[in-house]
Structure formats: C-alpha cells, structure tokens
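Trainee: To start, I am sharing the structure in question, which I have written as structure tokens.
Every read-out reported here was derived from the displayed coordinates using simple, explicitly stated rules and does not represent laboratory data. Note that the coordinates shown come from a computational prediction; the quantities given were computed from them, not determined experimentally. We place every Cβ from the backbone using ideal geometry, glycine too, and count neighbours over all the protein chains shown.
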Amino acid sequence: MVKRMRLNKILYFGDFVLCPAAAFGLLLLTLLQHDATAAGIWAMAFVLGCIGWTFVEYAVHRWVYHAVPFFDRMHDAHHQEPKGMIGAPSFLSVGVIFLVFYLPLYFASQAFAGGFTSGILLGYVAYMLVHHASHHWSPQPGSLLYRLRLAHMVHHYRGEEGNYGVVTSFWDHIFSTYVEPQRRRAS
Ligand SMILES: [Zn+2]
Ligand SMILES: [Zn+2]
C-alpha cells in the first residue's frame, strides 16, 4: 500500500512563507554584524546556493525519490495523484535544509553558511512554485513556465525515466536524461 503524505494547506503552502522568512533572517544575522566583507561573502554564497539548488533538486529527485525504496513509495503517491497536496511538510523541509547545509557550513563561516542556505531555500521555493504551477496552472504557450511544465509532464506520463529537473533542464542535459516533450528519448 502506498504511503501518502497528504498535507493540509498550511503544511503544503507553508514553505512559500517559511523559506523566504528564514532566508531573510539569515541575511539580517549577517547584516547586523556591520561587516562589509561578511556581507560580500553572504551575497556570493547566496548565488552559489541558488545554482547549487538546481543540482540538489535533480539529485534528490533522481537518486532518492526514484531510487531509495522508502522515499520512492512516498514520491509514487505524487505520481499517482499529481494534483494532490502531497509532499514533505514545511517544517520538515526547512529543518532538513538547515541540518544538511547550514550546520556543517556554519563552522567554516557563518556568512557563507547563511548565504548558501538562503540560496538553497529560495531555490526550493522556486521549485515548489514551478512544480505547483506545472500541475495546477495553464501557463501561456511559449513562456518559460510552459516549457518547464511540458518537461515535467513528460516525467509524469512517459515512464518517469527522464526530466528530473523542475526549475531547469540543465542537469538532465548533463546526465543525458532529458526527454524532448514532443519526441520520445532514443535509448
Ligand atoms: Zn518523480
Ligand atoms: Zn509532479
């Protein structure tokens, strides 16, 4: 039997508020130090975090959600019911992001840890937004969101062997898992 992590609206949409709020808190922590170097490190780490997110998204979706049995079963619930409010509850995702990124990096540099974690948090929000839009909105044909949606629909309805990226197809191209929406992937 498939285990479903069905969420209420607060837990489902909570990330849209929690993640930017946490990122803002991390920015404040650095700005309050009144140290220009620390602020510069924060900004640089933020950009790296945003870029880093795109790989995290790809790696978790491909090598955890579609590979590790426990997570595979939970993710399968989303595949079976794409429009359902199914996923990780807000406090859990934010907690995991802090544990995996902020905590280890904190010991190297608080500003770097704050910036990088904020980039990851905003990347995660972008992922949530694009993913939600892919299943619930009808974006303008030709728009970026429309193309991202098409790619994600291929992931859902063509055997799930490709298009693991949601906010970008970059890593799918790197790892040869990109499936053209109009054509099937030659294998
Ligand atoms: Zn999937
Ligand atoms: Zn989906």
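Trainee: Suppose R0 equals 45 Å; then what is the FRET efficiency for ALA36 and VAL64 from their Cβ-Cβ distance, rounded to the nearest 0.05?
Mentor: Between ALA36 and VAL64 the formula returns 0.70.
Trainee: Pop the C-beta distance of TYR146 and LEU99 into the FRET formula with R0 = 30 Å and round what comes out to the nearest 0.05.
Mentor: Efficiency for this residue pair is about 0.25.
Trainee: Something else about it: Before anything else, pin down the relative contact order of the chain: Cα pairs under 8 Å, at least 6 apart, normalised by residue count, whole percent.
Mentor: It rounds to 29 percent for the chain.
Trainee: If you take the charge dipole of the stretch 39-187 about its Cα centre, with +1 on Lys and Arg Cβ and -1 on Asp and Glu Cβ, which of ALA39, ALA77, PRO181 is farthest toward its positive end?
Mentor: Of the options given, the answer is PRO181.
Trainee: Give, as ranges by residue number, the residues of the stretch 6-27 whose backbone N falls under 17 Å from the point 7 Å along Cα→Cβ of HIS132.
Mentor: Flagged as within label range: 6-23.
Trainee: Something else: What is the magnitude of the charge dipole of the chain about its Cα centre, with +1 placed on the Cβ of each Lys and Arg, -1 on the Cβ of each Asp and Glu, and no other charges, expressed in debye to the nearest 20?
Mentor: Here the chain has a charge dipole of around 540 debye.
Trainee: Taking 25 °C and 0.890 mPa s as the conditions, I'd like the Stokes-Einstein D for the stretch 9-139 in µm²/s, using the Kirkwood hydrodynamic radius from alpha carbon pairs.
Mentor: 158 µm²/s
Trainee: Which residue, SER134, GLN110, VAL166, has the largest displacement toward the positive end of the dipole of the chain when charges sit on each Cβ (Lys, Arg +1; Asp, Glu -1)?
Mentor: Working it through, the farthest residue towards the positive pole turns out to be SER134.
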